[in-house]
Structure formats: structure tokens, C-alpha cells
Amino acid sequence: MDINSLKLFIALSRHLHFGKTSEEMHMSPSAVSRSIQRLEDQLGHALLVRDNRSAQLTEAGQIFLEYALEVVKRYESLQRDLEGKSDVLRGQLSLFASVTASQSILPKVLTDFRQRYPEIHIQLETGYAVNALSKLSEGIDVVVAALPYGEETDDQLRKKIITSIPLQTVAPATGEFDGVLKSTSVNWAEVPLILPSTGQVRQNIDAWLRVNNIVPDVYAEVPGNEAILSLVALGCGVGFVPELVVKESPLADQAMIVEDGPELEDFHVGFCTRQKNLDVSPIIRAFWESIRAD
């Protein structure tokens, strides 16, 4: 069992896809499969349940992933110490963010960080914001996520909220729902809603619905703000989207802001990592210290 095998397993745990893992690690899918099989033989436990292309971690795989992440980070720290260049950080930092966050939030933080630590390679993965926190358990070092405001509720996580963005109620610009939305008192039970499937914004919306005894007409539940805006632009319903997403979207002219929408808590955006990452990785600590709020 060597470091390269551990790095390979971490990559596969992140992608859960042999083809994508082989591309990242510059190996053939069959070579990836053989390497994982050797790890399983050495450990005497199945680490993955897999079909021809995809995979899922077993319980033993989840436990081994924690071990692999810690060993690799400690090995990278050891390499720096042995080189006698602990003042020059080298290595890799993996980040996860939505497309909008990677275009509007990350550059502000990464510009200064890259200037201070040019030897650190940034690996960026993009996807739905609601999936961000789960990416930490898959081996990503730091994620950009919607975070609850207030004190930490999980001893294993650390967060830094850097900005708070108002939530806007958006409707199709073509006016399909003007009759309902422009009445003196909007009956929200009659408005088809496009809601985030999970996450902090969904929790805020659900709280508003409960307080106002609204049984919603849910047209769709989707995992990303960009997807919500797309369905709104198509005329499918009304959604609640962070102001920044509307401004950055090429679909902004196909949606209109509903000024009399519900007052929902702001969308708090920040960085999140695991305490264990900060404990063992000087690269993650350096990045964490470079984060500044707006």
C-alpha cells in the first residue's frame, strides 16, 4: 500500500466513476480497477460496490477514505519538512464551488493566495451548491457553500461566512403569472413554485411556508440555483434565487424580480472545511488564513 494508491482511492471516492478517475490520474480504467482490487486484497474488505463504470463506497470504504486522507496530508507535510523548505508551501489544494461562486467569489480570495503561494496547485471542481458540504466527506479540502449564520453546530467543521446575498423572488419576464403576482394580496398557494431540493435556502423557504400556513403548489424541486432560474425563464413557475445568481446569469433578461415577494433570510455564503484538515495540512491552514469577508 503506497501513497499513489491512496491518492488514487481518494480520487475515485470523489468521482465515483472509473473513467473520470482514470482521466485525472492519467491511467487506464483497467489499471484503476486493478489498483483498487489490490487495496481490497491487502485490507481483506470490499471498499467499493461497482458496476462497469460507476462505484459507491462501502462502509469499509468510508472508513478507509478517512485514513487515506489523513495519511496523504501528513505525507505531504513530511515532504516539506524533509526538503527543509517549510517556508515555501508546495502541493495541491482541492476546492469545490458552484459555477456562479467560482466566477464571482473564488477569484477575490484566490488572487491574493496565488500570489503568496505560487507553488500550490489549485484543483477546482464545480457542481450544485447544495452538494457542497457532502464533498468534504469525499476528500475535497475546502468548499464554498450556503451556510447557516451563527455559531458552529458541528465540532468537526469550520466555516467562514464571507458575504450575505439577498434572496430575490423571480418570475418569467413574459408575464405568465402577472395576474396572481400583481394582485393586492398574493395567494402564494396558487403560484407554482420552483424550489431548491435541499439546503439552507430550502429550510428558510419551508419556514416561511409554515409560518404563513401556505400549502405550496410545487412545480419542481431542483438542486441548483442556476437550474431554478432556467425553469423560471422557461415560464414554468416562480422561484427564489440569490441576487448574485440573477446578476451573473445569461438568463437574467428572461426573468423579472417580484418586488412584493416574501422576505426571506439572506443567502449566507462562505468557505467550509473539516477541523481535521486544518490540523494536519499547512496548505489548508494557509488558505484558511487568507480568507477575508467582504
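The values are calculated or read from the model by the stated rules, or taken from the named source; none is laboratory data. Since the model is a prediction, treat every value here as computed from it, not as a measurement. A quick note on method: Cβ atoms are made from the backbone with ideal geometry, for glycine too, and the neighbour counts reach across all protein chains shown.
So, in the stretch 256-271, of the ones that are touching a Leu at 6+ places or on another chain (Cβ under 6 Å) and of a type outside the set (V, I, T), which residue ends up surrounded by the fewest Cβ atoms within 10 Å (Cβ to Cβ)?
Top of the filtered list is L264.
Does K276 satisfy being touching a residue at least 24 places away in the same chain (Cβ under 8 Å) and of a type in the set (D, E, K, R)?
Criteria met by K276.
Does the stretch 57-64 include one or more residues that are of a type in the set (D, E, K, R) and either closer than 30 Å to A227 by Cα or in contact (Cβ under 8 Å) with a residue 12 or more places away in the chain (or both)? Give the steps one after another, and end with the answer.
Kept after step one, since they are of a type in the set (D, E, K, R), are these residues of the stretch 57-64: 59.
Within this subset, residues satisfying the condition of being either closer than 30 Å to A227 by Cα or in contact (Cβ under 8 Å) with a residue 12 or more places away in the chain (or both) are none.
No - not one qualifying residue is present in the stretch 57-64.
Would you pick out the residues in the stretch 236-247 that are crowded, with 16+ Cβ neighbours inside 10 Å and either under 25 Å from the mean Cα position of the chain (by Cα) or farther than 18 Å from W188 by Cβ (or both)? Steps first, please.
Within the stretch 236-247, the subset crowded, with 16+ Cβ neighbours inside 10 Å is 236-242, 244-246.
Within the stretch 236-247, V238, G239, F240, V241, P242, L244, V245, V246 qualify.
Just for the stretch 208-226: of the residues that are in a helix (DSSP H, G or I) and modelled with pLDDT of 90 or more, which one is nearest to P192 (Cα to Cα)?
Selected residue: L209.
Condition (residue is in contact with a helix residue (DSSP H, G or I) (Cβ under 7 Å, 6 or more places away or on another chain) and buried (at least 18 other Cβ atoms within 10 Å of the Cβ)) applied to the stretch 175-183: is it met by at least one residue? Show your work before the answer.
So the first thing to find is which residues in the stretch 175-183 are in contact with a helix residue (DSSP H, G or I) (Cβ under 7 Å, 6 or more places away or on another chain), and the list is 180.
Filter again for buried (at least 18 other Cβ atoms within 10 Å of the Cβ), leaving none.
Checked the stretch 175-183: no residue is in contact with a helix residue (DSSP H, G or I) (Cβ under 7 Å, 6 or more places away or on another chain) and buried (at least 18 other Cβ atoms within 10 Å of the Cβ).
Could you list, in sequence order, all residues of the stretch 239-265 that are closer than 23 Å to A145 by Cα and not in a loop (DSSP other than H, G, I, E, B)?
If the condition is that a residue be closer than 23 Å to A145 by Cα and not in a loop (DSSP other than H, G, I, E, B), then G239, F240, V241, P242, E243, L244, V245, V246, K247, E248, A252 are the ones that fit.
Among the candidates L110, L136, L124, single out the residue that is in a helix (DSSP H, G or I), in contact with a strand residue (DSSP E or B) (Cβ under 6 Å, 6 or more places away or on another chain) and not assigned by TED's automatic domain parsing to the domain that holds K73.
One residue alone meets the criteria, L136.
Given (1) surrounded by 16 or more Cβ atoms within 10 Å (Cβ to Cβ); (2) more than 17 Å from N131 (Cβ to Cβ); (3) touching a residue at least 40 places away in the same chain (Cβ under 8 Å); (4) of a type outside the set (K, R), where does L195 come up short, assuming only one miss?
(2)
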